[in-house]
2 protein chains.
Amino acid sequence: MLQPSGLEWTDPECPVARAADLVGDKWTLLIIRDSLDGKRRFSEFEKSLGVAKNILSDRLRLLVDRGLLARIPNQSGTRSQYELTDAGRDLFTLILSLRQWGERNAFTAGESHSVLIDPSTGQPVPEVRPLSADGQELGPDQALLVKVGQPLPEAAR
Amino acid sequence: MLQPSGLEWTDPECPVARAADLVGDKWTLLIIRDSLDGKRRFSEFEKSLGVAKNILSDRLRLLVDRGLLARIPNQSGTRSQYELTDAGRDLFTLILSLRQWGERNAFTAGESHSVLIDPSTGQPVPEVRPLSADGQELGPDQALLVKVGQPLPEAAR
DNA sequence: CCGTATCCATTCCGATACTG
DNA sequence: CAGTATCGGAATGGATACGG
């Protein structure tokens, strides 16, 4: 489990809130995006993001501390590499959701954007969609939040 | 399209970055979470989030300006309601991805958390997973980022 | 109950300079 | 190249006070 030092959960019993505490930050999300795209080095992130060095340094340190990146020092003691851990790689679904929401909602018809391709088909990756167990699309109105401590609804037992 | 006033894109051609500019903030994500859970009123958000009033007021204004929430004023001029727009409701997949990543990676085996139930089955909502067009699971190593301006790989044409 | 306004401490962030 | 250190302005965030 991710065990960040000195982090107080905003809402300890909600997984959305814990996730937001860990990765709910613009630079953090973009570093993960770049990591999933194969970037490893400080300068690669710096060039890609155009972020100040101290901020990049801070976010990389946080990501390592939170268990999303592993810092691999070089033999010469410098030029470390930052590789995704399993928990970090598991953010692929989240970043893809972000990307596809952005494609649907943050571009006009005429604007172009980068695309994520599935090499096995050569086509853009299909949209991620929540599905019910029977394969039906599941929307926000069909889902029900159950708080901890509350008994599950009859049908769930 | 979402047209926020006075917002400079961090990386205009990347949908992940545009999405992060719009919703890549802890309080914003948690307000969306609550909205998807049916919350509508200032005091509901305030009680749920424990956030300072000025911050909540600021984030609600931003979310309305960015087209994710609609402010519905009451007849008496006060007690507005904040309802999700279509673009806001479309964040369901993202919030669900956040939730499920948090469940997998931010809790130990013994800790309990809130659960999202699909009423049609009574069971927790199945995990959202990226799929290839042929129905195979798609991981980060099988996906390829194509920048704008670059020609698509042969197979994609 | 629904906010807005103000004060204050803290953090964020960019720019720059500096070290190995 | 890979950072750390520092400075200053801007934004964040909590607390409280205040009006509709």
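Of the residues B:Leu138, B:Leu69, B:Leu96, only one is crowded, with 22+ Cβ neighbours inside 10 Å, within 29 Å of A:Ile117 (Cβ to Cβ) and touching a residue at least 24 places away in the same chain (Cβ under 8 Å); which?
Working: B:Leu138 fails: touching a residue at least 24 places away in the same chain (Cβ under 8 Å); B:Leu69 fails: within 29 Å of A:Ile117 (Cβ to Cβ).
Going through B:Leu138, B:Leu69, B:Leu96 in turn, just one is crowded, with 22+ Cβ neighbours inside 10 Å, within 29 Å of A:Ile117 (Cβ to Cβ) and touching a residue at least 24 places away in the same chain (Cβ under 8 Å): B:Leu96.
Test of understanding: among A:Leu96, A:Leu62, which residue is within 8 Å of another protein chain (Cβ to nearest Cβ) and among the aliphatic types (A, V, I, L, M)?
Values: A:Leu62 fails: within 8 Å of another protein chain (Cβ to nearest Cβ).
Being within 8 Å of another protein chain (Cβ to nearest Cβ) and among the aliphatic types (A, V, I, L, M) holds for just one of A:Leu96, A:Leu62, which is A:Leu96.
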Exercise. Residues in region B:137-145: is at least one modelled with pLDDT under 95, assigned to a loop (DSSP other than H, G, I, E, B) and farther than 20 Å from A:Asp90 by Cβ?
Worked result: no
Problem set entry | Top-ranked residue in region B:102-116 [being farther than 18 Å from A:Gly24 by Cβ and over 18 Å from the mean Cα position of the chain (by Cα); ranked as farthest from the other protein chains (Cβ to nearest Cβ)] | B:Gly110
For this session: Might you let me know whether region B:26-42 holds any residue that is surrounded by fewer than 19 Cβ atoms within 10 Å (Cβ to Cβ) and in contact with a Pro (Cβ under 8 Å, 6 or more places away or on another chain)?
Result: no
Problem set entry | helices (runs of 4 or more DSSP H) lying entirely in region B:30-98 (those with 3 or more residues that are within 8 Å of DNA strand C (Cβ to nearest atom)) | B:42-49, B:53-65
For this session: Pairs only if they're at least six apart or on different chains, beta carbon under 7 angstrom, first in region A:46-58 and more than 22 Å from B:Pro15 (Cβ to Cβ), second within 7 Å of DNA strand C (Cβ to nearest atom) and at pLDDT 95 or above; list them, first residue then second.
Result: A:Ile55/A:Trp27
Exercise. Does B:Asp11 qualify as being surrounded by 16 or more Cβ atoms within 10 Å (Cβ to Cβ), within 13 Å of DNA strand C (Cβ to nearest atom), within 9 Å of chain A (Cβ to nearest Cβ) and free of Cβ contacts under 8 Å to residues at least 12 places away in the same chain?
Worked result: yes
Exercise. What do you reckon, is A:Arg33 touching a residue at least 40 places away in the same chain (Cβ under 8 Å) and either at the interface with chain B (Cβ under 9 Å from one of its Cβ atoms) or under 19 Å from B:Ala20 (Cβ atoms) (or both)?
Worked result: yes
For this session: Would you be able to tell me the number of residues in region B:47-81 that are touching a helix residue (DSSP H, G or I) at 6+ places or on another chain (Cβ under 6 Å) and more than 10 Å from DNA strand D (Cβ to nearest atom)?
Result: 6
Exercise. Of these, A:Ser76, A:Ser97, A:Ser48, which one is at pLDDT below 95 and of a type outside the set (Phe, Trp, Tyr)?
Worked result: A:Ser76
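Just checking, how many residues over region B:72-93 are more than 7 Å from every other protein chain (Cβ to nearest Cβ), touching a residue at least 12 places away in the same chain (Cβ under 8 Å) and charged (D, E, K, R)? Before you say what the answer is, go through the steps one by one.
Going through region B:72-93, the residues more than 7 Å from every other protein chain (Cβ to nearest Cβ) turn out to be B:72-86, B:88.
Restricting the remaining residues to those that are touching a residue at least 12 places away in the same chain (Cβ under 8 Å) gives B:79-85, B:88.
Now restrict to residues that are charged (D, E, K, R): B:79, B:83.
So the count comes out to 2.
The values are calculated or read from the model by the stated rules, or taken from the named source; none is laboratory data. Model, not experiment: these values are computed from the prediction. So basically every Cβ, Gly included, is an ideal-geometry build from the backbone, and we count neighbours across all protein chains shown.
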